[in-house]
Amino acid sequence: MVNPAEVDAVVLVGGMGTRLRPLTLSAPKPMLPTAGLAFLTHLLSRIAEAGIEHVVLGTSYKAEVFESEFGDGSKLGLQIEYVVENEPLGTGGGIANVASRLRYDTAIVFNGDVLSGCDLRALLDSHSSREADVTLHLVRVGDPRAFGCVPTDSDGVVTAFLEKTQDPPTDQINAGCYVFKRSVIEAIPTGRALSVEREVFPGLLADGKRVCGYVDSSYWRDMGTPEDFVRGSADLVRGIAPSPALKGQRGESLVHDGASVAPGALLIGGTVVGRGAEISGGARLDGAVIFDGVRVEAGAVIERSIIGFGARVGPRALIRDGVIGDGADIGARCELLRGARVWPGVQLPDGGLRFSTDV
Ligand code: GTP
(Lines give C-alpha, C1' and ligand atoms only; values in the text may rest on other atoms or scores of the structure.)
Protein backbone atom coordinates (compact mmCIF):
# COMPACT_ATOMS: atom_id res chain seq x y z
CA MET A 1 0.00 0.00 0.00
CA VAL A 2 1.23 3.48 -0.84
CA ASN A 3 0.94 6.25 1.70
CA PRO A 4 -0.57 9.09 -0.38
CA ALA A 5 1.07 11.66 1.90
CA GLU A 6 4.36 10.36 0.51
CA VAL A 7 3.43 10.91 -3.11
CA ASP A 8 4.01 14.10 -5.12
CA ALA A 9 1.26 15.28 -7.47
CA VAL A 10 2.32 17.10 -10.62
CA VAL A 11 -0.35 18.91 -12.63
CA LEU A 12 0.40 20.07 -16.17
CA VAL A 13 -1.41 23.33 -16.81
CA GLY A 14 0.88 25.08 -19.28
CA GLY A 15 -1.00 24.49 -22.55
CA MET A 16 -2.48 27.27 -24.65
CA GLY A 17 -5.87 25.57 -24.98
CA THR A 18 -6.26 26.52 -28.63
CA ARG A 19 -9.30 24.32 -29.15
CA LEU A 20 -11.19 26.35 -26.55
CA ARG A 21 -10.47 29.71 -28.12
CA PRO A 22 -11.64 32.40 -27.82
CA LEU A 23 -12.31 31.64 -24.12
CA THR A 24 -8.65 30.75 -23.56
CA LEU A 25 -7.46 34.11 -24.92
CA SER A 26 -8.20 35.63 -21.52
CA ALA A 27 -7.81 32.63 -19.18
CA PRO A 28 -5.89 29.36 -19.39
CA LYS A 29 -8.13 26.33 -19.85
CA PRO A 30 -7.68 24.95 -16.29
CA MET A 31 -8.91 28.29 -14.91
CA LEU A 32 -12.16 28.49 -16.89
CA PRO A 33 -15.19 28.49 -14.59
CA THR A 34 -16.80 25.07 -14.46
CA ALA A 35 -19.89 24.64 -12.31
CA GLY A 36 -18.88 27.91 -10.65
CA LEU A 37 -15.27 27.05 -9.79
CA ALA A 38 -12.00 27.30 -11.70
CA PHE A 39 -11.79 23.91 -13.42
CA LEU A 40 -8.55 23.05 -11.66
CA THR A 41 -10.28 23.32 -8.26
CA HIS A 42 -12.19 20.12 -9.02
CA LEU A 43 -8.97 18.25 -9.78
CA LEU A 44 -7.05 19.69 -6.82
CA SER A 45 -9.88 18.77 -4.46
CA ARG A 46 -9.73 15.17 -5.73
CA ILE A 47 -5.99 15.14 -5.11
CA ALA A 48 -6.53 16.43 -1.57
CA GLU A 49 -9.35 13.97 -0.95
CA ALA A 50 -7.01 11.09 -1.86
CA GLY A 51 -4.66 12.18 0.93
CA ILE A 52 -1.93 13.64 -1.28
CA GLU A 53 -0.46 16.83 0.19
CA HIS A 54 2.31 18.16 -2.05
CA VAL A 55 1.41 19.46 -5.53
CA VAL A 56 3.64 21.00 -8.19
CA LEU A 57 1.88 22.93 -10.94
CA GLY A 58 3.80 23.03 -14.23
CA THR A 59 2.71 26.34 -15.74
CA SER A 60 3.58 28.33 -18.85
CA TYR A 61 0.73 30.06 -20.70
CA LYS A 62 -0.68 32.80 -18.41
CA ALA A 63 1.37 31.29 -15.56
CA GLU A 64 0.72 34.11 -13.07
CA VAL A 65 -3.02 33.54 -12.69
CA PHE A 66 -2.61 30.13 -11.04
CA GLU A 67 -0.71 31.43 -8.04
CA SER A 68 -3.14 34.33 -7.61
CA GLU A 69 -6.01 31.85 -7.41
CA PHE A 70 -4.51 29.00 -5.39
CA GLY A 71 -1.67 30.64 -3.44
CA ASP A 72 0.15 28.15 -1.20
CA GLY A 73 -2.76 25.71 -1.50
CA SER A 74 -3.62 25.77 2.19
CA LYS A 75 -7.30 26.57 1.55
CA LEU A 76 -7.55 23.20 -0.17
CA GLY A 77 -5.42 21.45 2.44
CA LEU A 78 -2.49 21.22 0.00
CA GLN A 79 1.04 22.56 -0.30
CA ILE A 80 1.24 23.93 -3.85
CA GLU A 81 4.43 24.94 -5.63
CA TYR A 82 4.63 26.56 -9.07
CA VAL A 83 7.22 25.95 -11.77
CA VAL A 84 7.08 28.22 -14.81
CA GLU A 85 8.28 27.27 -18.29
CA ASN A 86 9.21 30.47 -20.08
CA GLU A 87 8.90 28.58 -23.35
CA PRO A 88 6.36 25.74 -23.23
CA LEU A 89 8.21 22.43 -22.90
CA GLY A 90 5.35 20.16 -23.92
CA THR A 91 3.84 17.50 -21.68
CA GLY A 92 7.08 15.46 -21.36
CA GLY A 93 9.34 18.48 -20.93
CA GLY A 94 6.91 19.89 -18.38
CA ILE A 95 7.22 16.74 -16.26
CA ALA A 96 11.05 16.67 -16.51
CA ASN A 97 11.16 20.34 -15.58
CA VAL A 98 9.66 19.79 -12.12
CA ALA A 99 12.00 16.90 -11.15
CA SER A 100 13.98 19.03 -8.68
CA ARG A 101 10.79 19.84 -6.73
CA LEU A 102 9.79 16.23 -6.11
CA ARG A 103 10.03 15.11 -2.49
CA TYR A 104 9.17 11.42 -2.67
CA ASP A 105 9.92 8.30 -4.74
CA THR A 106 6.51 8.23 -6.40
CA ALA A 107 4.82 11.00 -8.40
CA ILE A 108 1.35 11.07 -9.90
CA VAL A 109 1.09 13.31 -12.95
CA PHE A 110 -2.16 14.79 -14.24
CA ASN A 111 -3.17 16.60 -17.37
CA GLY A 112 -4.87 19.66 -15.90
CA ASP A 113 -7.91 19.48 -18.13
CA VAL A 114 -9.39 16.07 -17.32
CA LEU A 115 -12.55 15.51 -15.30
CA SER A 116 -12.37 12.05 -13.80
CA GLY A 117 -13.58 9.89 -10.97
CA CYS A 118 -10.60 7.52 -11.02
CA ASP A 119 -9.83 6.13 -7.56
CA LEU A 120 -6.36 7.61 -7.08
CA ARG A 121 -5.47 5.42 -4.11
CA ALA A 122 -6.35 2.28 -6.07
CA LEU A 123 -4.24 3.55 -8.99
CA LEU A 124 -1.27 4.15 -6.67
CA ASP A 125 -1.69 0.76 -5.02
CA SER A 126 -1.83 -0.96 -8.41
CA HIS A 127 1.41 0.79 -9.42
CA SER A 128 3.16 -0.30 -6.25
CA SER A 129 1.90 -3.92 -6.10
CA ARG A 130 2.87 -4.53 -9.74
CA GLU A 131 6.28 -2.93 -9.20
CA ALA A 132 5.79 -0.81 -12.31
CA ASP A 133 8.12 1.94 -13.49
CA VAL A 134 5.10 3.81 -14.81
CA THR A 135 1.38 3.09 -14.50
CA LEU A 136 -1.07 4.81 -16.82
CA HIS A 137 -4.72 5.33 -16.08
CA LEU A 138 -6.59 3.94 -19.10
CA VAL A 139 -10.27 4.28 -19.94
CA ARG A 140 -12.42 2.60 -22.58
CA VAL A 141 -14.19 4.88 -25.06
CA GLY A 142 -16.64 4.29 -27.87
CA ASP A 143 -14.45 5.88 -30.54
CA PRO A 144 -10.75 5.68 -29.67
CA ARG A 145 -9.53 7.25 -32.92
CA ALA A 146 -9.22 10.77 -31.52
CA PHE A 147 -7.11 9.65 -28.55
CA GLY A 148 -3.85 7.94 -27.70
CA CYS A 149 -4.64 4.24 -27.92
CA VAL A 150 -2.82 2.01 -25.38
CA PRO A 151 -3.01 -1.78 -25.88
CA THR A 152 -2.00 -4.01 -22.96
CA ASP A 153 -1.20 -7.74 -22.70
CA SER A 154 -3.06 -10.23 -20.52
CA ASP A 155 -1.05 -9.05 -17.48
CA GLY A 156 -1.98 -5.43 -18.07
CA VAL A 157 1.49 -4.51 -19.31
CA VAL A 158 1.46 -1.82 -22.00
CA THR A 159 2.62 -3.11 -25.39
CA ALA A 160 2.43 0.03 -27.56
CA PHE A 161 1.47 3.69 -27.74
CA LEU A 162 -0.53 4.56 -30.82
CA GLU A 163 -1.36 8.27 -31.09
CA LYS A 164 -4.64 9.07 -32.85
CA THR A 165 -4.66 6.05 -35.13
CA GLN A 166 -7.45 5.40 -37.68
CA ASP A 167 -7.37 1.68 -36.97
CA PRO A 168 -7.12 1.26 -33.17
CA PRO A 169 -6.52 -2.31 -31.98
CA THR A 170 -8.23 -1.64 -28.62
CA ASP A 171 -10.74 0.78 -27.12
CA GLN A 172 -8.37 1.57 -24.23
CA ILE A 173 -7.06 5.11 -24.30
CA ASN A 174 -4.59 7.17 -22.32
CA ALA A 175 -6.66 9.00 -19.71
CA GLY A 176 -4.02 11.66 -18.98
CA CYS A 177 -3.01 10.51 -15.49
CA TYR A 178 0.21 8.61 -14.80
CA VAL A 179 2.10 7.28 -11.80
CA PHE A 180 5.88 7.49 -12.20
CA LYS A 181 8.83 6.23 -10.25
CA ARG A 182 10.76 9.39 -9.54
CA SER A 183 13.89 7.87 -11.13
CA VAL A 184 12.01 7.60 -14.43
CA ILE A 185 11.15 11.30 -14.33
CA GLU A 186 14.76 12.15 -13.50
CA ALA A 187 15.89 10.32 -16.65
CA ILE A 188 13.68 12.34 -19.03
CA PRO A 189 15.86 14.66 -21.13
CA THR A 190 15.61 18.29 -20.00
CA GLY A 191 15.98 21.62 -21.69
CA ARG A 192 13.89 20.90 -24.76
CA ALA A 193 10.23 20.47 -25.59
CA LEU A 194 8.96 16.92 -25.81
CA SER A 195 5.69 15.07 -25.63
CA VAL A 196 5.12 12.46 -22.94
CA GLU A 197 2.67 10.58 -25.16
CA ARG A 198 4.65 10.59 -28.39
CA GLU A 199 8.25 10.50 -27.13
CA VAL A 200 8.67 9.63 -23.45
CA PHE A 201 6.31 6.63 -23.25
CA PRO A 202 7.43 4.94 -26.51
CA GLY A 203 11.05 5.51 -25.38
CA LEU A 204 10.34 3.77 -22.05
CA LEU A 205 8.94 0.72 -23.86
CA ALA A 206 11.98 0.65 -26.15
CA ASP A 207 14.22 0.74 -23.06
CA GLY A 208 12.43 -2.26 -21.56
CA LYS A 209 10.82 -0.35 -18.68
CA ARG A 210 7.81 -1.89 -17.01
CA VAL A 211 4.86 0.26 -18.07
CA CYS A 212 1.48 -0.94 -16.80
CA GLY A 213 -2.10 0.07 -17.52
CA TYR A 214 -4.76 0.58 -14.87
CA VAL A 215 -8.18 0.33 -16.50
CA ASP A 216 -11.33 1.43 -14.71
CA SER A 217 -14.83 2.46 -15.62
CA SER A 218 -15.15 5.64 -13.58
CA TYR A 219 -16.42 8.92 -15.02
CA TRP A 220 -13.90 10.40 -17.48
CA ARG A 221 -13.88 13.38 -19.85
CA ASP A 222 -11.11 15.40 -21.43
CA MET A 223 -12.41 18.99 -21.32
CA GLY A 224 -10.32 20.20 -24.27
CA THR A 225 -13.07 21.03 -26.78
CA PRO A 226 -16.16 23.23 -26.39
CA GLU A 227 -18.41 20.19 -26.80
CA ASP A 228 -16.63 18.31 -24.00
CA PHE A 229 -16.39 21.39 -21.81
CA VAL A 230 -20.15 21.90 -22.05
CA ARG A 231 -20.86 18.22 -21.36
CA GLY A 232 -18.42 18.07 -18.44
CA SER A 233 -19.83 21.23 -16.89
CA ALA A 234 -23.40 19.94 -17.18
CA ASP A 235 -22.34 16.59 -15.70
CA LEU A 236 -20.81 18.40 -12.72
CA VAL A 237 -23.94 20.47 -12.21
CA ARG A 238 -26.18 17.40 -12.36
CA GLY A 239 -23.97 15.25 -10.15
CA ILE A 240 -23.03 12.81 -12.92
CA ALA A 241 -19.37 13.84 -12.71
CA PRO A 242 -17.77 13.57 -9.27
CA SER A 243 -16.16 16.55 -7.55
CA PRO A 244 -15.39 16.80 -3.84
CA ALA A 245 -15.37 20.60 -4.35
CA LEU A 246 -19.14 20.66 -4.97
CA LYS A 247 -21.07 19.76 -1.90
CA GLY A 248 -24.75 19.08 -2.19
CA GLN A 249 -25.55 21.87 -4.63
CA ARG A 250 -26.31 19.62 -7.59
CA GLY A 251 -29.44 19.67 -9.74
CA GLU A 252 -30.84 20.48 -13.15
CA SER A 253 -29.23 23.92 -12.99
CA LEU A 254 -26.91 25.94 -10.79
CA VAL A 255 -27.36 29.70 -10.29
CA HIS A 256 -24.57 31.54 -8.53
CA ASP A 257 -24.73 34.39 -6.01
CA GLY A 258 -25.76 37.73 -7.36
CA ALA A 259 -27.26 36.30 -10.55
CA SER A 260 -30.86 37.12 -11.34
CA VAL A 261 -33.18 34.78 -13.18
CA ALA A 262 -36.58 36.20 -14.12
CA PRO A 263 -39.69 34.13 -13.54
CA GLY A 264 -40.53 32.37 -16.78
CA ALA A 265 -36.93 31.71 -17.76
CA LEU A 266 -36.25 27.97 -18.19
CA LEU A 267 -32.91 26.57 -17.00
CA ILE A 268 -32.37 22.87 -17.74
CA GLY A 269 -29.82 20.31 -18.85
CA GLY A 270 -27.16 21.17 -16.26
CA THR A 271 -27.12 24.88 -17.09
CA VAL A 272 -24.86 27.02 -14.90
CA VAL A 273 -25.36 30.78 -14.45
CA GLY A 274 -22.38 32.79 -13.21
CA ARG A 275 -22.18 35.54 -10.63
CA GLY A 276 -23.98 38.75 -11.49
CA ALA A 277 -25.51 37.34 -14.67
CA GLU A 278 -29.03 38.40 -15.65
CA ILE A 279 -31.44 36.03 -17.37
CA SER A 280 -34.67 37.60 -18.66
CA GLY A 281 -38.15 36.10 -18.89
CA GLY A 282 -38.86 33.60 -21.64
CA ALA A 283 -35.18 32.73 -22.10
CA ARG A 284 -34.52 29.01 -22.49
CA LEU A 285 -31.11 27.73 -21.40
CA ASP A 286 -30.41 24.05 -21.98
CA GLY A 287 -26.93 22.80 -21.10
CA ALA A 288 -25.66 26.40 -21.19
CA VAL A 289 -22.47 27.57 -19.50
CA ILE A 290 -23.04 31.23 -18.62
CA PHE A 291 -19.95 32.97 -17.23
CA ASP A 292 -20.11 35.86 -14.74
CA GLY A 293 -21.75 39.14 -15.73
CA VAL A 294 -23.55 37.83 -18.84
CA ARG A 295 -26.91 39.31 -19.89
CA VAL A 296 -29.40 37.02 -21.66
CA GLU A 297 -32.39 38.95 -22.98
CA ALA A 298 -36.03 37.94 -23.24
CA GLY A 299 -36.82 34.89 -25.34
CA ALA A 300 -33.21 34.04 -26.19
CA VAL A 301 -32.42 30.33 -26.57
CA ILE A 302 -28.98 28.95 -25.62
CA GLU A 303 -28.27 25.25 -26.06
CA ARG A 304 -24.99 23.41 -25.30
CA SER A 305 -23.00 26.64 -25.59
CA ILE A 306 -20.55 28.71 -23.56
CA ILE A 307 -21.11 32.45 -23.10
CA GLY A 308 -17.96 34.31 -22.01
CA PHE A 309 -17.58 36.93 -19.25
CA GLY A 310 -19.78 40.00 -19.65
CA ALA A 311 -21.24 39.04 -23.04
CA ARG A 312 -24.83 39.94 -24.02
CA VAL A 313 -27.25 37.71 -25.92
CA GLY A 314 -30.05 39.80 -27.40
CA PRO A 315 -33.80 39.13 -27.41
CA ARG A 316 -34.84 35.93 -29.24
CA ALA A 317 -31.31 35.17 -30.36
CA LEU A 318 -30.51 31.47 -30.80
CA ILE A 319 -27.12 29.99 -29.89
CA ARG A 320 -26.68 26.24 -30.33
CA ASP A 321 -23.31 24.46 -29.96
CA GLY A 322 -21.46 27.78 -30.02
CA VAL A 323 -18.84 29.72 -28.06
CA ILE A 324 -19.30 33.44 -27.43
CA GLY A 325 -16.17 35.35 -26.39
CA ASP A 326 -15.92 37.71 -23.43
CA GLY A 327 -17.81 40.97 -23.85
CA ALA A 328 -19.31 40.04 -27.24
CA ASP A 329 -22.72 41.45 -28.08
CA ILE A 330 -25.12 39.20 -30.00
CA GLY A 331 -27.96 41.23 -31.48
CA ALA A 332 -31.63 40.34 -31.29
CA ARG A 333 -32.75 37.33 -33.38
CA CYS A 334 -29.24 36.37 -34.48
CA GLU A 335 -28.73 32.63 -34.99
CA LEU A 336 -25.40 30.98 -34.24
CA LEU A 337 -25.25 27.24 -34.80
CA ARG A 338 -22.92 24.20 -34.95
CA GLY A 339 -19.53 25.30 -33.76
CA ALA A 340 -19.92 29.05 -34.32
CA ARG A 341 -17.34 31.07 -32.37
CA VAL A 342 -17.60 34.79 -31.75
CA TRP A 343 -14.39 36.56 -30.76
CA PRO A 344 -14.28 38.78 -27.65
CA GLY A 345 -15.90 42.18 -27.96
CA VAL A 346 -17.42 41.52 -31.40
CA GLN A 347 -20.83 43.13 -31.91
CA LEU A 348 -23.37 41.43 -34.13
CA PRO A 349 -26.22 43.80 -35.04
CA ASP A 350 -29.88 42.81 -34.52
CA GLY A 351 -30.76 40.08 -37.04
CA GLY A 352 -27.23 40.39 -38.45
CA LEU A 353 -26.39 36.68 -38.74
CA ARG A 354 -28.92 33.98 -39.53
CA PHE A 355 -29.11 30.45 -40.87
CA SER A 356 -32.69 30.76 -42.05
CA THR A 357 -35.08 33.32 -43.50
CA ASP A 358 -37.61 32.93 -40.67
CA VAL A 359 -38.41 36.13 -38.86
P1 GTP B 1 -4.99 22.57 -27.20
O2 GTP B 1 -4.12 23.69 -27.67
O3 GTP B 1 -6.44 22.86 -27.39
O4 GTP B 1 -4.59 21.21 -27.71
O5 GTP B 1 -4.86 22.46 -25.58
P6 GTP B 1 -3.58 22.31 -24.64
O7 GTP B 1 -2.59 23.35 -25.02
O8 GTP B 1 -4.07 22.36 -23.23
O9 GTP B 1 -2.96 20.89 -25.00
P10 GTP B 1 -3.42 19.46 -24.45
O11 GTP B 1 -4.90 19.42 -24.27
O12 GTP B 1 -2.82 18.42 -25.31
O13 GTP B 1 -2.68 19.41 -23.04
C14 GTP B 1 -2.96 18.44 -22.06
C15 GTP B 1 -2.57 19.02 -20.72
O16 GTP B 1 -1.17 19.31 -20.70
C17 GTP B 1 -3.27 20.34 -20.40
O18 GTP B 1 -3.61 20.34 -19.04
C19 GTP B 1 -2.24 21.39 -20.73
O20 GTP B 1 -2.35 22.55 -19.92
C21 GTP B 1 -0.93 20.67 -20.45
N22 GTP B 1 0.15 21.12 -21.33
C23 GTP B 1 0.17 21.10 -22.69
N24 GTP B 1 1.32 21.59 -23.15
C25 GTP B 1 2.06 21.92 -22.06
C26 GTP B 1 3.37 22.50 -21.89
O27 GTP B 1 4.09 22.82 -22.84
N28 GTP B 1 3.81 22.68 -20.60
C29 GTP B 1 3.04 22.36 -19.53
N30 GTP B 1 3.52 22.59 -18.30
N31 GTP B 1 1.80 21.85 -19.66
C32 GTP B 1 1.32 21.62 -20.91
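Computed quantities for the displayed model
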read-out: Largest-first principal axis extents of the Cα set of segment 1-75 (Å); value: 44, 24, 22
read-out: Sequence-distant residues sharing a close amide H with Glu335 (under 5 Å, placed H); value: Leu318, Leu353, Arg354, Phe355
read-out: Reach of Lys209 by Cα under 20 Å, taken over lysines that are not fewer than 8 positions away in the same chain; value: Lys181
read-out: Among beta bridges that DSSP assigns inside the chain, antiparallel share in %, nearest 5; value: 30
read-out: Alpha-carbon Rg with Dmax, taken over segment 67-190, Å; value: 15.9, 46
read-out: Whole-Hz couplings from phi, Karplus 6.51/-1.76/1.60, listed for segment 152-162; x for Gly and Pro; value: 10, 8, 5, 9, x, 8, 5, 10, 6, 10, 10
read-out: Scaled radius of gyration (Cα, divided by 2.2 N^0.38 Å) that segment 171-279 gives; value: 1.57
read-out: Anchor Lys29: lysines whose Cα lies under 19 Å away (excluding residues fewer than 8 positions away in-chain); value: Lys62
read-out: Approximate shape of segment 252-348 as ellipsoid semi-axes (Cα gyration tensor, √5λ), whole Å, largest first; value: 18, 13, 12
read-out: Cα-based helix-to-principal-axis angle, 226-238 vs the chain, degrees rounded to 10; value: 90
read-out: Solvent-accessible area per residue, Å², over the chain with all protein chains present [probe radius 1.4 Å]; value: 41
read-out: Amide hydrogen neighbours beyond the local backbone of Glu278, cut-off 5 Å, H modeled; value: Ser260, Val294, Arg295, Val296
read-out: Directionally averaged shadow of the chain, computed from the convex hull of its alpha-carbon atoms, nm²; value: 18.1
read-out: Surface share of carbon and sulfur [accessible, 1.4 angstrom probe, percent] for the chain; value: 47
read-out: Computed helical MRE - 222 nm, the chain, DSSP H runs ≥ 4 contributing -39500 (n - 2.57), nearest 500; value: -4500 deg cm²/dmol
read-out: Listed peptides 143-154, 312-323 by packing density, highest first (mean Cβ within 10 Å); value: 312-323, 143-154
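The values are calculated or read from the model by the stated rules, or taken from the named source; none is laboratory data. Quantities reported herein were computed from a predicted structural model and do not represent experimental measurements. FYI the Cβ positions are ideal-geometry reconstructions off the backbone, even for glycines, and counts take in every protein chain you see. Just the protein is used for accessible areas: all its heavy atoms, side chains included, with ligands, DNA and RNA removed. Shrake-Rupley method; radii C 1.70, N 1.55, O 1.52, S 1.80 Å.
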